[in-house]
Amino acid sequence: MSSAATEAWRMTHFGSPANTGSGADLGDPDRDGIVNLLEFATGSNPRSSSPPVGAPVKNGNTVEFTYSRPKAALAEVTYHPEGSLILSGAWSSLSSPAPS
């Protein structure tokens with residue numbers, strides 16, 4: 001990822017707009033298991049251990065997964081939700097959620 005929003009995000013959190021070192025997309029400087037690209041895409045803090053990016057909730061016979069998407073990330077990150085009727089089965093693309 002690299003654009004004005006991601007560079008500004010890196011500058012805020014790492015003091016440099018460069019996609020290198022602790023600010024690299026696949027970096028995980030806080031060692032919480034969530035890489036910087038996902039931290040940016042979900043509005044998490046890459047310098048502080050974060051909880052999981054979403055929460056699964058059972059709603060009747062359906063499991064729903066909810067996560068946050070900051071407006072700055074919507075223009076730069078493509079979200080591809082997938083689902084399966086059974087966890088060990090094949091996963092397929094779901095309709096993309098509307099930006100909010």
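For the reader, a short list of remarks on this structure follows.
- Qualifying residue in the stretch 68-79 (condition: touching a Lys or Arg at 6+ places or on another chain (Cβ under 7 Å), surrounded by 12 or more Cβ atoms within 10 Å (Cβ to Cβ) and at pLDDT below 85): yes
- So P29, is it assigned to a loop (DSSP other than H, G, I, E, B), at pLDDT 95 or above and in contact with an Asp or Glu (Cβ under 7 Å, 6 or more places away or on another chain): no
- Residues that are among the β-branched types (V, I, T) and farther than 15 Å from S44 by Cβ, drawn from the stretch 7-22: T20
- Residue count for the stretch 45-56 under the criterion of being more than 13 Å from T12 (Cβ to Cβ) and either of a type in the set (V, I, T) or in contact with a helix residue (DSSP H, G or I) (Cβ under 9 Å, 6 or more places away or on another chain) (or both): the result is 3.
- Single condition F40 does not satisfy, out of (1) more than 11 Å from the chain's Cα centre (by Cα); (2) of a type outside the set (G, A, S); (3) at pLDDT 85 or above: (1)
- Within the stretch 57-79, the set of residues being of a type in the set (G, A, S), in contact with a helix residue (DSSP H, G or I) (Cβ under 6 Å, 6 or more places away or on another chain) and free of Cβ contacts under 8 Å to residues at least 40 places away in the same chain comprises S68 only.
- Test: residue in the stretch 8-18 that is part of a strand (DSSP E or B), touching a residue at least 12 places away in the same chain (Cβ under 8 Å) and surrounded by 10 or more Cβ atoms within 10 Å (Cβ to Cβ): no
- A4 meets the stated requirement of being modelled with pLDDT under 95, surrounded by 11 or more Cβ atoms within 10 Å (Cβ to Cβ) and among the aliphatic types (A, V, I, L, M).
- Sub-8 Å Cβ pairs linking a first residue in the stretch 80-93 that is in contact (Cβ under 8 Å) with a residue 12 or more places away in the chain to a second residue that is surrounded by 10 or more Cβ atoms within 10 Å (Cβ to Cβ) and part of a loop (DSSP other than H, G, I, E, B), at least 6 apart or interchain, are H80/S96; P81/L94; P81/S96; P81/P97; E82/W91; E82/L94; S93/P81, ordered by first then second residue.
- Any hit, the stretch 50-57, residues being loosely packed, with under 10 Cβ neighbours inside 10 Å and assigned to a loop (DSSP other than H, G, I, E, B): yes
The values are calculated or read from the model by the stated rules, or taken from the named source; none is laboratory data. All of these numbers come straight from a predicted model, not from anything done at the bench. Neighbour counts run over all protein chains shown; Cβ positions are idealised from the backbone, glycine included.
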